[in-house]
Every structure is written in structure tokens, then in C-alpha cells.
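Written below as C-alpha cells is the structure these notes are about.
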Amino acid sequence: IGHRLGPFLRLSLLLFFLILVAEGAGGLLLDGIFWLLREGKVHPGSFAIWVVTVGLACLALLVISRFGLAIPALLLDDHPVWQAMFRSDELTEGKWLTLAFLLSKSLIGGYVAGMSPFWLAAFIPANAQLPSWFPWILTTASIAGVTVVEPTMFIGLALLYLKNPRLSV
């Protein structure tokens with residue numbers, strides 16, 4: 001990354017911006033769905049609202065994950081930012097199931113790793129005297145857990161990139 005820090009940061013910001021745009025578009029679609037339901041006098045329950053909301057967010061992330069191979073293309077093959085984006089799109093064509101698996105692994109693993117310290121803290125008796133900085137320890141442990149778990153998605157994307165037969169194109 002050291003010799004490609006500038007392009008790496010530009011690509012990272014571009015991917016972050018695309019995630020924001022995708023989630024914003026998903027939010028507008030969600031508003032449209034709920035508007036149509038209200039117009040049709042349909043009142044979904046809280047579980048249905050949760051399923052639709054999470055489903056749209058995951059769908060938006062899945063679409064954006066098509067560009068997940070841009071970072072390996074940039075770092076491993078020295079492609080410029082835009083060429084890395086197009087290369088990623090080309091290499092992930094028809095790989096929806098693999099991308100969905102990598103995304104699921106990342107979301108579920110990240111959630112479990114991030115929540116584990118808080119779940120473990122629930123076993124502490126309610127009347128236990130804890131220091132005022134204890135919540136900071138939980139938050140730090142949560143961040144550390146996610147930091148350890150999340151690189152597995154990027155390893156999966158790098159392997160998807162390296163094992164692709166179209167690399168010699």
C-alpha cells in the first residue's frame with residue numbers, strides 16, 4: 001500500500017461515496033415502498049418493516065460489492081483507480097453468490113465480533129460496582145473484535161481476484 005497510498009486513498013473514498021449513494025438510493029426506494037403501502041391502506045408490522053429495510057440495505061451493499069476487487073486490482077496489478085473499478089466489475093460478473101457469501105460473512109462476523117463484549121458484559125451482576133471507564137473498555141474490545149474479523153472479507157476478495165481465469169486478459 002505504501003507505494004500506492006494516493007490511489008489507494010482515492011479508491012477508498014470513491015468506494016465509500018458509492019456506499020453512501022447506494023444506501024441513499026435504497027432509502028429513497030424504501031420511502032417509495034412505504035408510501036405505496038400507505039396509499040394502498042396496508043400497514044406492515046414492525047418485523048416486515050425491519051425485513052424490508054435490512055433486505056434493501058443488504059441488496060445495496062451486494063451491488064456495491066461488485067467493486068470490491070478494485071482494491072486488489074489497484075494494489076496487485078497497479079491499475080489506475082477507474083481502470084481498477086472497471087476491472088472489478090468485469091471480474092465479478094456472474095459471481096453474485098460468491099459476493100453474497102463474502103458479504104454475509106463480513107456482516108454476520110462483524111456483528112458477532114462487535115457485540116460479543118456487550119453480550120459477555122450482560123453476565124456481570126447488575127449490582128456489581130464497575131469503574132466509570134468500563135463502557136470504554138467494552139467499546140474498545142468491540143472495535144478490536146471487528147478489526148480482527150473484517151479482513152477475512154478482503155482476503156476472500158483478494159483470493160477471488162487471484163484465482164480468476166480472466167486475469168491474463
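The table below gives the values:
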item	result
Near-label residues of region 75-93 by backbone N, under 11 Å of a point 7 Å along Cα→Cβ of LEU14	79-89
Taking region 1-100 and dividing mean pair separation by its residue count, relative contact order in percent (alpha carbons under 8 Å, at least six apart)	33
Tensor-based shape of region 1-78 (alpha-carbon gyration tensor, a/c under 1.5 rounded, otherwise prolate or oblate)	prolate
Contact order relative to length of the chain, as percent, for alpha carbon pairs under 8 angstrom and 6 or more apart	23
Within the accessible area of the chain (1.4 Å probe), percent carbon and sulfur	75
10 Å Cβ shell holding at most 11 others, DSSP loop, chymotrypsin sites (Phe, Trp or Tyr not before Pro): longest site-free stretch of the chain	1-122
Test item: Cα-centred dipole of the chain, Lys/Arg +1 and Asp/Glu -1 on Cβ, debye	140
Calculated log₁₀ intensity ratio I(q)/I(0) where the Debye formula runs over C-alpha points of region 72-149, q = 0.16, 0.23, 0.25 Å⁻¹	-0.75, -1.02, -1.08
Kyte-Doolittle mean at least 1.0, axial Cα span of 20 Å or more - DSSP H helices of the chain	5-39, 46-64, 96-121, 134-149
For q = 0.16, 0.17, 0.18, 0.19 Å⁻¹, Debye-computed log10 I/I(0) when each Cα of the chain counts as one equal scatterer	-1.04, -1.09, -1.15, -1.20
Mean-position separation - Cα centroids, region 47-76 and region 84-155, in angstrom	15
Compactness of region 25-125 as Cα Rg over 2.2 N^0.38 Å, two decimals	1.48
For the chain: accessible area per residue (Å², 1.4 Å)	65
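The values are calculated or read from the model by the stated rules, or taken from the named source; none is laboratory data. Just so it is clear, the model here is predicted, and its values are computed rather than measured. Reconstructed Cβ throughout: ideal geometry from the backbone, glycine too, with neighbour counts over all protein chains shown. The protein model used for the area step is the full one, side chains on, heavy atoms only, and it has no ligands, DNA or RNA in it. Shrake-Rupley method; radii C 1.70, N 1.55, O 1.52, S 1.80 Å.
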